[in-house]
1. Give the number of residues within the stretch 127-145 that are open to solvent by less than 30 Å² (accessible area, probe 1.4 Å) and either free of Cβ contacts under 8 Å to residues at least 40 places away in the same chain or within 14 Å of the chain's Cα centre (by Cα) (or both).
2. Output the number of the condition that Q187 fails; it satisfies all remaining conditions of (1) at pLDDT below 85; (2) among the polar types (S, T, N, Q); (3) within 19 Å of the chain's Cα centre (by Cα).
3. Can you name the number of the only condition in (1) under 13 Å from F47 (Cβ atoms); (2) crowded, with 24+ Cβ neighbours inside 10 Å that I148 fails?
4. Taking the condition of being in contact with a strand residue (DSSP E or B) (Cβ under 8 Å, 6 or more places away or on another chain), at pLDDT below 85 and open to solvent by less than 80 Å² (accessible area, probe 1.4 Å), how many residues in the stretch 239-288 meet it?
5. Could you identify the single residue in A92, A38, A46, A69 that is buried (at least 22 other Cβ atoms within 10 Å of the Cβ) and hydrophobic (A, V, I, L, M, F, W, C)?
6. Can you tell me which residues in the stretch 295-307 are touching a residue at least 12 places away in the same chain (Cβ under 8 Å) and either of a type in the set (D, E, K, R) or surrounded by 11 or more Cβ atoms within 10 Å (Cβ to Cβ) (or both)?
7. Spot the failing condition for D244; the list is (1) out of contact with any Ser or Thr (no Cβ under 8 Å at 6 or more places or on another chain); (2) closer than 30 Å to R305 by Cβ, and only one is missed.
8. Identify, please: which residue in the stretch 1-35 is among the charged types (D, E, K, R) and open to solvent by 30 Å² or more (accessible area, probe 1.4 Å) and is, among those, modelled with the lowest pLDDT?
Amino acid sequence: MIDHGLKDHLVRRVLPNVQMPAQYIGGELNMVRKDPQAVRGRLCLAFPDAYTIGMSHHGLQILYTLMNARDDWYCERAYTPWPDMEQQLRSAGLPLYSLESFTPLSAFDVIGFSLQYEICSINVLTMLDLGGIPLRTEQRTMADPLVIAGGPCTQNPEPLAPFVDVFVTGDGEPSLPRICDLWKELQDSCRSSGPLLEGAAGREQREAMLGELAKRLPFAYVPRFYEPEYREGRLVALNRLRPDVPETIEPSVISDLDGIPLPTRPLVPYVECVHDRIAIEIMRGCPWQCRFCQSTVIKRPLRFRSVRS
């Protein structure tokens, strides 16, 4: 189900005024189409960089395929618009939307950011603002999407801590479905007791539900329940603000890489991207373990895919 009103306005009034409009219209080869009314939950993978870079990211293809393989979830996508498109959206009073159904980001259950580079941090704020989602975590209620973030930059989450509800450490394949399912379960439990609360009561309700996430998911770091401790300008510890949340955050780890199937129908863009080729993951991690390399540390243990898989 597509928001045809938003789409028609974009096609007639906005896209003729921006460069490379094909990156804002969706419809790529192998794009997944579902009826949003027929699923339990909706996830938007938000890549805080340009479309031509985000479509080159193999991890997004894996998570997109994984979540859309489920009948009860619809996984869609959004990327950071270029400045000309951002200006057009703001001038027209239009929200940032998903490419699959032209749904505003604020209407999703979960928004998942992939933090690949520190320089993209500002783009997270741009996408939240354009999507109609309150910037700071303490401003949100249960009526707002859960804002999560994964990727290499979650190893240093504090710069974005005021804006992200939950940082997910480690491999996304086992962690993303669990966090989406649990959040939807918590949403449903709130709705079963009445309408979602607003204002201060709504923010307290959301904080209670985030507490449940922190307690039940060992790989989920919820910044509002921790106080960073610095010495000589360096982060040395995260002190708990409540005793029922984990003292240590454990990364999510896939023990059997062959158990996670590779995308066999990857998204194929109609515009030239940075990496204009297909990617196949043959292993996760690196055997050389160079001390200067972040990837060799955060992707341990080293795992290989078999040729057969």
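1. 5
2. (1)
3. Just one mismatch for I148, condition (1).
4. Qualifying residue count, the stretch 239-288: 3.
5. A46
6. Hits for the stretch 295-307 are S295, I298, K299, R300, L302, R303, F304, R305.
7. Evaluating D244 over (1) out of contact with any Ser or Thr (no Cβ under 8 Å at 6 or more places or on another chain); (2) closer than 30 Å to R305 by Cβ leaves (2) as the failure.
8. D3
The values are calculated or read from the model by the stated rules, or taken from the named source; none is laboratory data. Keep in mind that what you see is a predicted model, and the values were worked out from it rather than measured. Don't worry about glycine lacking a Cβ; one is built from the backbone with ideal geometry, like all the others, and counts go over all protein chains shown. Accessible surface is based on the protein model in full, side chains and every heavy atom, while ligands, DNA and RNA are left aside. Shrake-Rupley method; radii C 1.70, N 1.55, O 1.52, S 1.80 Å.
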